[in-house]
Amino acid sequence: MDKLTALLPATPLLSAFLITLLADGSRRRIARLSVGFSALTFLLAAASLALYVVEREPQWVSFNSGWGSLYLDPLTSVMALMVAGISFVVHVYSVRYMAEEPGYARFYILLDLMSAAILLMVAAGDLVTLLVAWHLVGVLLYFLLGHDAARPAAQRYAFWTFFTYRLGDLPLVLAAVLLYQAYGTLALPTLFERIASAPQAPTVLGLPLPTLVALLVALGAFARSAQFPLHTWLPYTMEGPTPVSALMHAGVVNAGGFIINRFAPVFVHAGGVLHLVFAVGLVTAILGSILMLTQNDIKKSLGYSTMGQMGFMFVECGVGAFSLAIYHLIAHGLFKGTLFLGAGSVIGNARKHDGVPHDDVYTFVVERKPVASRLPWVVAAVITVVVPFVVLGLSRWLVGGNFVGEQGAIILLFFGWVTGAQLLFATYRLRVDSPWRLMAMIILSLVIVVAGYTLIERGFDLFLYPDRVLSGQIYAAASIPLATFEVLVAILTAAIVVGWLVTYYAAANGRAGGRKASPLRLALYSLITREFYVADVYAWLTQATLGLSRRLNVWLRWV
Amino acid sequence: MTLLLIAALFLPLFPLSFVFNGALAQLRHPAARSALLLLWPQIGVGLLQFAPQPVPQYFVPWALLTAGVYALRLLTVRDMGRWAGFVATSGLALAWALASGGPDIADLHLFAFWFSVPPALMALLAAPLTRRFGAAYAGLQGGLMGCLPRMSGVLAVTVLAAVATPPFPGFFALLRLLRALDWAGAVGGLAIWLVWGWAGTKLLQGFIFGADHAHSVRDIGRASTLAYTGVLGAFVAAGLYLTGGGL
């Protein structure tokens, strides 16, 4: 198993090396070589996961006395399989997509190096290896995003990405240095054992070290996963080639969720940091979703959608559902990768068909179909509020039993409730021949999805965190005082129920969207279309720094 | 103290760094520039071992200030030779922060070496660019990735080495330094590292990215490419072997 682990990053690295030697060879040969090695990496990752499932014993492999070690545990094996899988699909997609582009060999070399760096990152067994791989991902992404050297926009946004990533690297480097100074080891398993045995012993700036380290790791994760206000690079990286966008949105951007899970034994001693993670994730999820709705460019809209999803992933981490965050990032990686790779087809179809639905008169007169209708709004509102609540609660109760005691589980049920209610509201708004039948089918689908999701998530949690004590500790660390929590639950419940009733009433009586836009709404819309001026602030800071640099050089006569 | 100040001419501290950068600007031959970049700081480290007193603690903020000022100045420098001098000054100044902790003198020699080699290579790389375009000046030509792919590749990797990107030894040397510094010093060191990265990407954008306007220019030869790659490869290998990961 240890040899397989070592081969995971080594295989794409070897591919990159061979392509460098063949750089002047035919494109077909380069693509075959790279895709072949990528398929091999995927098989190795699958074999590695299968072996872990059989042996159930984490392994730490060291090639050097100080650093350069690998660690195979459930997190590594799952993440490696996902990364290798997405990388393989992107390799295959790129064969034809990049066929007309200059720098074909360079693209595949960078893609292979990127795969190697990500695999090394997820399999890193010590602090230095983790830092090296973590940083290399940012550097390689810079060159991949700027692959089209002639496009100034691609260069500009590749730089944004690089800078934000490097900004996020700083706290992680600091965290590694502090951990090494305090605990005297680089190896992650040993480090976590020592932290567990003496969590509060060392203090820095009056803070217990695990709290400070958790904060630094969280800051690094925020930059890597585009959390507000470090999100501006993400929607603009669409200037890079589509396969790179797919790889980035499906794989690279998820690194924040991975690093928080990797440092889970540190986060159990940092409840306050988990609350911060929750707050930042929530703000990011809301702002990402709002910004997504105002875009008219499909790729940029997908970019903001990723930002919102990353926000949800951090919310999950913030409530202590670490394994759910990994499950989320895998699910998100798969569907977002599919969306990016299919974006071109969607644009092509949109050019052929406008997609505008026919109105009732056309449907009745031309298509000779009965006039569509919908459910009474009171009935639909009651179904919307009650059904998701019951379905989610029951499915959770079936697998978890004592979920009422877990604050994180209840918060996630709220998210599920709101999402399910949105689905039913969207169903209600559709005018169809038989609304009852449609609603029944949707509810059936919801039951299947929720039950399946809950069962898989439970199994995934048991696989990823076989140490149930640690899992319980994470939830406990993320908890807040019970009285405060109960008040929050009551307020949220009331807000959701009343909110949906008002929404249904407005929709049924034709009041939604019919009002003239007020100045406040217009101002808000301007704010959103300018993306809250965050990028403008950064641009101003950049210009100010460059201005200072220029003045210094002039004063000091360029020596 | 006098000896320390003389050493500060060789391991340049602001404003004594004017001497080092002035000398670099005066030298025209790339090999001479490269030799100066490699040897000058080693003289400084050599002088330090003869200093009768340990390096005072106030040299640490002075070193960080020098490194910070030169890192900031790098952002708007477009001449590659001058850029190499500034990045070397910024990196070498940090040797004082390490020296204040009283490390082995061999460690200091290596530290200076890790931050001298990439600028020395850049000084050499500036020569073929000057021959082809009249000056090695970012933004003058641009788009070298299209017309000079080998040159661009070597230049990109050298710049990455100069700004202490892993797995180049500068990164591990920086980790070693951070371990020796206190909390505030470490934050300062990391901020300098951030600005190096920014300056490095700005330089690359001026040289290798952009529209290709020079189709007829000949790229560097295979032998030169192999030589540069070999040196950089050996540099990485030496760093991996000798730094031990920095921490």
Q. If you average the sequence gap of Cα pairs under 8 Å that are 6 or more apart and divide by the length of chain B, what percent do you get for the contact order?
A. 22
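Within chain B, what's the longest run with no chymotrypsin sites (Phe, Trp or Tyr not before Pro) in a DSSP loop and at most 15 other beta-carbon atoms within 10 Å? Give the range, please. Walk me through the numbers on the way to the answer.
Details: sites that count: B:Phe50, B:Tyr58.
That gives B:59-247 as the longest site-free run.
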Q. Over its Cα atoms, what ratio of radius of gyration to 2.2 N^0.38 Å does chain B give?
A. 0.98
Q.
In Å and on Cα atoms, what radius of gyration and Dmax does the range A:53-119 show?
A. 16.0, 47
Q.
Give me Rg/Rg_expected for the range A:13-78, where Rg uses Cα atoms only and Rg_expected = 2.2 N^0.38 Å with N residues.
A. 1.47
Q: Before anything else, pin down the relative contact order of chain A: Cα pairs under 8 Å, at least 6 apart, normalised by residue count, whole percent.
A: 11
Q: May I ask for log10 I(q)/I(0) of chain A at q = 0.05, 0.10 Å⁻¹, from a Debye sum over the Cα atoms as equal point scatterers with solvent left out?
A: -0.23, -0.94
Q) Whose amide H sits under 5 Å from the amide H of A:Gly68, counting only residues 5 or more places off or on another chain, with H placed in the peptide plane? A) A:Thr129
Q. How would A:Arg530, A:Arg96, B:Arg131, A:Arg468 rank on accessible area, largest to smallest, probe 1.4 Å?
A. A:Arg96, B:Arg131, A:Arg530, A:Arg468
Q: Just round it to a whole percent: the fraction of Cα-Cα distances in the range A:180-348 exceeding 23 Å.
A: 42
Q: Convert 37 °C to kelvin, take the viscosity as 0.692 mPa s, use the Kirkwood radius over C-alpha pairs of the range B:89-196 as Rh, and evaluate the Stokes-Einstein diffusion coefficient in µm²/s, rounded to a whole number.
A: 216
Q.
On C-alpha positions alone, give me the angle between the axis of helix B:222-243 and the longest principal axis of chain B, in degrees, nearest 10.
A. 20
**Q.** the range A:150-264: relative contact order in percent, alpha carbon pairs under 8 Å with at least 6 residues between
**A.** 33
Q.
What is the angle, in °, between the Cα long axis of helix B:30-48 and the longest principal axis of the Cα atoms in chain B? Nearest 10 is fine, range 0 to 90.
A. 10
Q: Considering only protein heavy atoms, with the full assembly of protein chains and a 1.4 angstrom probe, order A:Phe278, A:Phe63, A:Phe162, A:Phe42 by accessible area, largest first.
A: A:Phe63, A:Phe42, A:Phe278, A:Phe162
Q: Grab the other residues whose beta carbon is less than 13 angstrom from that of B:Val87, score K and R as +1, D and E as -1, and report the net.
A: +2
Q. Using a 1.4 Å probe on the protein chains only, how many percent of the accessible area of the protein assembly as shown belongs to carbon and sulfur?
A. 68
Q: Give the angle, between 0 and 90 degrees and rounded to the nearest 10, that separates the Cα long axis of helix B:59-74 from the longest principal axis of the Cα atoms of chain B.
A: 10
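Cα convex hull of the range A:469-557: how many Å³ per residue? Mind dumping the intermediate values first?
Working: hull volume 21.6 nm³, N = 89.
Hull volume normalised by residue count: 243 Å³.
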(Q) Test of understanding: given chain A, find the longest segment containing no GluC sites (Glu not before Pro) that are in a DSSP loop and have at most 13 other Cβ atoms within 10 Å. (A) A:101-366
Q: Pull up the cross-link candidates among the lysines for A:Lys300, meaning alpha carbon to alpha carbon under 17 Å and not fewer than 8 places away within one chain.
A: A:Lys336
Q: Send over the semi-axes of the range A:369-508's equivalent ellipsoid, whole angstrom and largest first, taken as the square roots of 5 times the C-alpha gyration tensor eigenvalues.
A: 33, 19, 9
Q. How would A:Lys299, A:Lys352, A:Lys516 rank on accessible area, largest to smallest, probe 1.4 Å?
A. A:Lys516, A:Lys352, A:Lys299
Q) Between the range A:19-97 and the range B:141-217, what is the C-alpha centre distance in whole Å? A) 28
**Q.** A versus B: buried accessible surface, summed, Å² (probe 1.4 Å, to nearest 100)
**A.** 4200
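The values are calculated or read from the model by the stated rules, or taken from the named source; none is laboratory data. Quick caveat, the model's predicted, so the values are computed rather than measured. Cβ coordinates were reconstructed from backbone atoms using ideal geometry, including for glycine residues, and neighbour counts include every protein chain displayed. These area figures cover heavy atoms from the full protein model, side chains too; ligands, DNA and RNA do not enter into them. Shrake-Rupley method; radii C 1.70, N 1.55, O 1.52, S 1.80 Å.
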